[in-house]
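A.B. asks: Below is the structure I would like to discuss, written out as structure tokens.
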Amino acid sequence: MAVMVLLSLTESELRRRTSLKWHTYPEDVLPLWVAEMDVSLHPAVGDALRAAIDLGDTGYPFGNTYGEAFVAMATARWGWTPDITTQVRRSGDVMNAMLAVVLSTTAEGDNIVLNPPVYPPFWQVISGYGRKIVASHLTTAGRLDLADLERVFEESRPTAYLLCSPHNPTGAVHTLEELTEVVALCRRFDVQLIADEIHAALVDPGTTFVPLLAVPGAERAVVATSAGKAWNLAAFKAGQLIAGAEIATELWGKIGPLAFQSTGHFGAIAHTAALVHAQDWVDDLMIEVAANKQLLARLLAEQVPEARYTPAPGTYLAWVDLTETGLSDPGRWLLRHGKVAFNPGDVFGADYGTFVRINLATSPELIAQAVGRVADALRARG
Ligand SMILES: Cc1ncc(COP(=O)(O)O)c(C=O)c1O
């Protein structure tokens with residue numbers, strides 16, 4: 001049987017899409033930015049949604065099929081089984097779940113720690129709601145800097161810490177040792193640990209993702225997650241909050257019931273179908289993504305030697321250092337002069353303006369075209 005290539009949609013097929021990635025920029029711009037994947041919907045997800053539409057099954061979600069699907073997946077994939085009744089609640093999406101935890105476990109004016117460069121809404125759930133951001137930057141290798149985290153906890157006495165696991169945009173997959181240290185630091189300084197694990201299934205073949213709540217001592221941590229990234233379901237917003245056993249009852253009481261009633265029925269149906277039927281699919285996808293990371297590294301070395309890029313095992317995102325191009329804002333410069341859209345680095349932290357984030361969940365052809373555009377634009381600059 002022919003092997004199905006998932007990342008093979010053509011530019012003309014993709015340009016018919018109306019969502020953010022393919023619609024924000026004019027037709028002459030090649031978009032490799034926001035975290036949408038250039039894949040077709042998994043057939044089982046499409047079938048589940050079509051069946052619901054045909055039935056007119058457009059009411060509220062019932063029961064906890066979605067939570068059960070998540071627990072079954074977590075058990076099979078990672079050997080981690082949160083208690084469905086006490087530890088798992090559904091939410092409207094991941095960032096609103098994170099926000100609900102921030103608002104209910106911290107107070108206005110509190111310090112909250114994050115790790116720049118990091119996904120822009122992490123900044124927004126802190127500063128947008130009257131809390132203060134304290135930065136513990138990742139190392140130059142894009143990993144957690146545990147000594148710095150300890151220093152920051154000591155000096156700023158934060159009430160919460162937002163961990164991105166795996167890390168968007170550097171693709172770091174935190175190890176058991178790193179997470180054990182993070183958990184110990186949070187316990188020592190009484191910091192509420194809140195992790196976003198939406199990229200958890202997106203790791204290269206051979207890489208092990210460690211669920212935070214499976215780490216000994218993490219019983220007071222909280223995790224927000226969903227099938228949204230790994231199965232490309234942003235159109236069907238839904239999420240899960242999983243609380244450590246020691247904190248769950250208290251946390252659900254503090255958050256209050258409304259946050260858990262914001263999941264749409266179609267979101268729950270789509271995410272459930274993906275979790276139940278599309279486990280091999282995401283593993284196959286990551287074989288292609290891992291090859292795309294190697295492709296990008298090779299093409300940049302050949303055509304854009306000023307670029308610094310080391311493939312990392314998590315996510316389908318590439319974090320590329322363009323400092324040596326001498327451009328102060330290469331992301332926006334390349335949009336104008338190269339007609340290629342990456343995420344400019346400064347949206348992940350003010351110190352990262354000379355980086356770009358490139359979305360590799362697309363075909364090798366489009367990656368090659370994007371690198372060609374970068375190389376041509378830099379050459380034309382003289
Ligand atoms: C780390 C991270 N968290 C959350 C999200 C968005 O999730 P949601 O739409 O469920 O809020 C993204 C999307 O790219 C992400 O990268």
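A.B. asks: Give the residues of the range 273-291 that are farther than 21 Å from residue 363 by Cβ and surrounded by fewer than 22 Cβ atoms within 10 Å (Cβ to Cβ), sorted by residue number. Spell out the reasoning first.
C.D. replies: As a first pass, look at the range 273-291 and keep what is farther than 21 Å from residue 363 by Cβ: 273-277, 279.
Within the range 273-291, 276, 277, 279 qualify.
A.B. asks: Could you go through the range 117-130 and let me know if any residue there is in contact (Cβ under 8 Å) with a residue 40 or more places away in the chain and away from the ligand (no atom under 15 Å from the Cβ).
C.D. replies: no
A.B. asks: Moving on to the next point. Since residue 62 meets every condition but one in (1) hydrophobic (A, V, I, L, M, F, W, C); (2) open to solvent by 30 Å² or more (accessible area, probe 1.4 Å); (3) modelled with pLDDT of 95 or more, which condition does it not meet?
C.D. replies: (3)
To keep it simple, each residue is scored yes or no on (1) touching a residue at least 60 places away in the same chain (Cβ under 8 Å); (2) not acidic (Asp, Glu).
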{"residue": "244", "(1), (2)": "yes, yes"}
{"residue": "283", "(1), (2)": "yes, no"}
{"residue": "318", "(1), (2)": "yes, yes"}
{"residue": "334", "(1), (2)": "no, yes"}
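A.B. asks: Tell me which of these residue 34 doesn't satisfy, since it passes every other one: (1) farther than 25 Å from residue 338 by Cβ; (2) β-branched (Val, Ile, Thr); (3) in a loop (DSSP other than H, G, I, E, B).
C.D. replies: Among (1) farther than 25 Å from residue 338 by Cβ; (2) β-branched (Val, Ile, Thr); (3) in a loop (DSSP other than H, G, I, E, B), the lone unmet condition for residue 34 is (1).
A.B. asks: Return yes or no: is residue 352 among the hydroxyl-bearing types (Ser, Thr, Tyr) and in contact with a strand residue (DSSP E or B) (Cβ under 8 Å, 6 or more places away or on another chain)?
C.D. replies: Working: among the hydroxyl-bearing types (Ser, Thr, Tyr): yes; in contact with a strand residue (DSSP E or B) (Cβ under 8 Å, 6 or more places away or on another chain): no.
Judged against the criteria, residue 352 is not a match.
A.B. asks: Of these, 203, 222, which one is farther than 30 Å from residue 60 by Cβ, of a type in the set (Val, Ile, Thr) and within 16 Å of the ligand (Cβ to nearest atom)? Explain how you work it out, then say what you get.
C.D. replies: Working: 222 fails: farther than 30 Å from residue 60 by Cβ.
After applying the criteria, what remains is 203.
A.B. asks: Only one of these conditions is not met by residue 380: (1) among the hydrophobic types (A, V, I, L, M, F, W, C); (2) in contact with a Leu (Cβ under 7 Å, 6 or more places away or on another chain); (3) surrounded by fewer than 18 Cβ atoms within 10 Å (Cβ to Cβ). Which number is it?
C.D. replies: (2)
A.B. asks: Hey, among the residues in the range 146-172 that are hydroxyl-bearing (Ser, Thr, Tyr) and part of a loop (DSSP other than H, G, I, E, B), which one's surrounded by the fewest Cβ atoms within 10 Å (Cβ to Cβ)? Step through it out loud before you land on a result.
C.D. replies: So in the range 146-172, the residues hydroxyl-bearing (Ser, Thr, Tyr) come out as 156, 159, 161, 165, 170.
Adding the requirement that they be part of a loop (DSSP other than H, G, I, E, B) leaves 159, 165, 170.
Details: 159: 18, 165: 25, 170: 26.
Among those that are hydroxyl-bearing (Ser, Thr, Tyr) and part of a loop (DSSP other than H, G, I, E, B), it is 159.
A.B. asks: Would you be able to tell me the number of residues in the range 215-235 that are of a type outside the set (Gly, Ala, Ser) and open to solvent by 50 Å² or more (accessible area, probe 1.4 Å)?
C.D. replies: Going residue by residue through the range 215-235, those that are of a type outside the set (Gly, Ala, Ser) are 215-216, 219-220, 222-223, 225, 229, 231-233.
Filter again for open to solvent by 50 Å² or more (accessible area, probe 1.4 Å), leaving 216, 219-220.
Qualifying residue count, the range 215-235: 3.
A.B. asks: Within 14 Å of the chain's Cα centre (by Cα) and assigned by TED's automatic domain parsing to the domain that holds residue 82, is that true of residue 226?
C.D. replies: Criteria met by residue 226.
A.B. asks: Give the range 173-214 a look and list any residue that's open to solvent by 40 Å² or more (accessible area, probe 1.4 Å), over 20 Å from residue 126 (Cβ atoms) and not polar (S, T, N, Q), or say none.
C.D. replies: 176, 177, 181, 184, 187, 188, 205, 206, 214 - these are the residues of the range 173-214 that are open to solvent by 40 Å² or more (accessible area, probe 1.4 Å), over 20 Å from residue 126 (Cβ atoms) and not polar (S, T, N, Q).
A.B. asks: How many residues are away from the ligand (no atom under 16 Å from the Cβ) and surrounded by fewer than 19 Cβ atoms within 10 Å (Cβ to Cβ) when one looks only at the range 23-47?
C.D. replies: 12
A.B. asks: Can you give me the number of residues within the range 292-306 that are surrounded by 19 or more Cβ atoms within 10 Å (Cβ to Cβ), of a type in the set (A, V, I, L, M) and assigned to a helix (DSSP H, G or I)?
C.D. replies: Quick first cut of the range 292-306, residues surrounded by 19 or more Cβ atoms within 10 Å (Cβ to Cβ) only: 292-293, 296, 299-300, 304.
Imposing the further condition that a residue be of a type in the set (A, V, I, L, M) reduces the set to 296, 299-300, 304.
Next, only the ones that are assigned to a helix (DSSP H, G or I) stay: 296, 299-300.
Qualifying residue count for the region: 3.
A.B. asks: Please enumerate the residues belonging to the range 31-50 that are within 22 Å of the chain's Cα centre (by Cα) and not small (Gly, Ala, Ser).
C.D. replies: Of the range 31-50, the ones within 22 Å of the chain's Cα centre (by Cα) are 31-42, 45.
Once the filter is applied, which keeps residues that are within 22 Å of the chain's Cα centre (by Cα) and not small (Gly, Ala, Ser), the range 31-50 yields 31, 32, 33, 34, 36, 37, 38, 39, 41, 42, 45.
The values are calculated or read from the model by the stated rules, or taken from the named source; none is laboratory data. Quantities reported herein were computed from a predicted structural model and do not represent experimental measurements. Note that we place each Cβ from the backbone using ideal geometry, even for glycine, and neighbour counts take in every protein chain shown. For accessibility, only protein heavy atoms count, side chains too; no ligands or nucleic acids. Shrake-Rupley method; radii C 1.70, N 1.55, O 1.52, S 1.80 Å.
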